[in-house]
Amino acid sequence: MSLTFTLDPAVGPALRDGILDLWTDVSNAGGAVGFVGRVDRETVRPELLKHLAAMAEGRHRLLVGQDAAGEVAATAFFSFNAHRLQKHWVWLYTVMVHPRLQGRGYGRDLLAAAADAARGFDGIEAVRLSCRGGLGLEDFYGSCGYKEVGRIPEAIRVAPGDDRDDVIMLLPLR
Ligand SMILES: CC(C)(COP(=O)(O)OP(=O)(O)OC[C@H]1O[C@@H](n2cnc3c(N)ncnc32)[C@H](O)[C@@H]1OP(=O)(O)O)[C@@H](O)C(=O)NCCC(=O)NCCS
């Protein structure tokens, strides 16, 4: 099976709920996508609504991967910089693959589709993201061509006494 990736799909109720379920399931499986501990759809919904509002304003764009049945299996959000001196690169956020599908190459497919999409964005020359240290994510992004370009020690407090590095990864597109 391979996933079908769509940039900027129309987000109706079914797709919105699919993304909410994906984000909730990924978080509850321990994924580093903005939450720690157990969450439900209603915890995640405000974060998704922020992305959707930013998409409506043209500040964010969405890449969705769906399986053969049309189920939402993977996502990544692009965020453009407002600062006029930083308009030549884009942030990538909320990179996730459903837990039942992880470890089968879909994450790499997602990031390949994201790089292809970013190459099509006007004036964009690099993709930057940050990830939580201590989970091996640097190796995942490294296997997708990203380089670690910075690390802020203990900048992410996942729990009292458990601070993780904020790792900055970069993919030049040219
Ligand atoms: C991170 C994530 C997107 C990777 O997707 P995936 O489909 O599981 O990854 P793939 O199967 O495409 O793996 C690609 C490579 O990265 C490696 N890899 C994947 N996740 C890894 C991890 N957590 N630690 C170390 N290596 C990892 C794989 O072993 C594979 O390497 P190989 O080709 O040498 O075997 C997925 O595991 C996920 O959604 N995790 C939870 C959410 C999350 O934490 N997202 C990161 C936000 S910064």
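The values are calculated or read from the model by the stated rules, or taken from the named source; none is laboratory data. Source: prediction; values computed, not measured. Heads up, the Cβs are rebuilt from the backbone with ideal geometry, glycines too, and the neighbour counts pull from every protein chain shown.
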- Please indicate, with yes or no, whether at least one residue in region 98-107 is farther than 23 Å from Val36 by Cβ and without any contact (Cβ under 8 Å) to a residue 24 or more places away in the chain. yes
- Note on the structure: Only one of Ala155, Ala113 is in contact with an Asp or Glu (Cβ under 6 Å, 6 or more places away or on another chain) and within 15 Å of the ligand (Cβ to nearest atom), namely Ala155
- Within region 8-21, which residues are surrounded by 17 or more Cβ atoms within 10 Å (Cβ to Cβ) and either among the small types (Gly, Ala, Ser) or within 12 Å of the ligand (Cβ to nearest atom) (or both)? Gly18
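Let's see how each residue does on (1) surrounded by 17 or more Cβ atoms within 10 Å (Cβ to Cβ); (2) over 19 Å from Ala29 (Cβ atoms):
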| residue | (1), (2) |
| --- | --- |
| Asp40 | no, no |
| Leu49 | no, yes |
| Gly58 | no, yes |
| Leu62 | yes, yes |
| Thr75 | yes, no |
| Val95 | yes, no |
| Arg100 | no, no |
| Arg119 | no, yes |
- Message: Can you go through Thr4, Thr94, Thr24, Thr75 and tell me which one is among the polar types (S, T, N, Q), free of Cβ contacts under 8 Å to residues at least 24 places away in the same chain and within 16 Å of the ligand (Cβ to nearest atom)?
- Response: Thr24
- Scan of region 39-84 for residues that are among the charged types (D, E, K, R), farther than 16 Å from Gly18 by Cβ, under 16 Å from the mean Cα position of the chain (by Cα) and part of a helix (DSSP H, G or I), ordered by number: Lys50
- Query: What pairs come up if the first residue lies in region 30-53 and is in contact (Cβ under 8 Å) with a residue 40 or more places away in the chain, the second is assigned to a helix (DSSP H, G or I) and within 14 Å of the ligand (Cβ to nearest atom), and their beta carbons are under 6 Å apart, counting only those six or more places apart or on different chains?
  - Reply: Val33/Val26; Val33/Ser27
- Checked Gly18, Gly103 against criteria (out of contact with any helix residue (DSSP H, G or I) (no Cβ under 6 Å at 6 or more places or on another chain) and assigned to a loop (DSSP other than H, G, I, E, B)); the one match is Gly103
- Task: Taking Asp139 as the residue in question, decide whether it is more than 12 Å from Ile168 (Cβ to Cβ), away from the ligand (no atom under 11 Å from the Cβ) and either outside any strand (DSSP E or B) or within 14 Å of the chain's Cα centre (by Cα) (or both).
- Result: no
- Task: Determine which single condition Asp67 fails, assuming it passes every other condition in (1) away from the ligand (no atom under 15 Å from the Cβ); (2) among the charged types (D, E, K, R); (3) within 25 Å of Val11 (Cβ to Cβ); (4) surrounded by 12 or more Cβ atoms within 10 Å (Cβ to Cβ).
- Result: (1)
- Report yes if Phe121 is assigned to a helix (DSSP H, G or I) and aromatic (Phe, Trp, Tyr), otherwise no. no
- Message: Take Thr75 and tell me if it is at positive phi and at pLDDT 95 or above.
- Response: no
- Considering region 142-174 alone, what residues qualify as being assigned to a loop (DSSP other than H, G, I, E, B) and among the hydrophobic types (A, V, I, L, M, F, W, C)? Cys144, Leu173
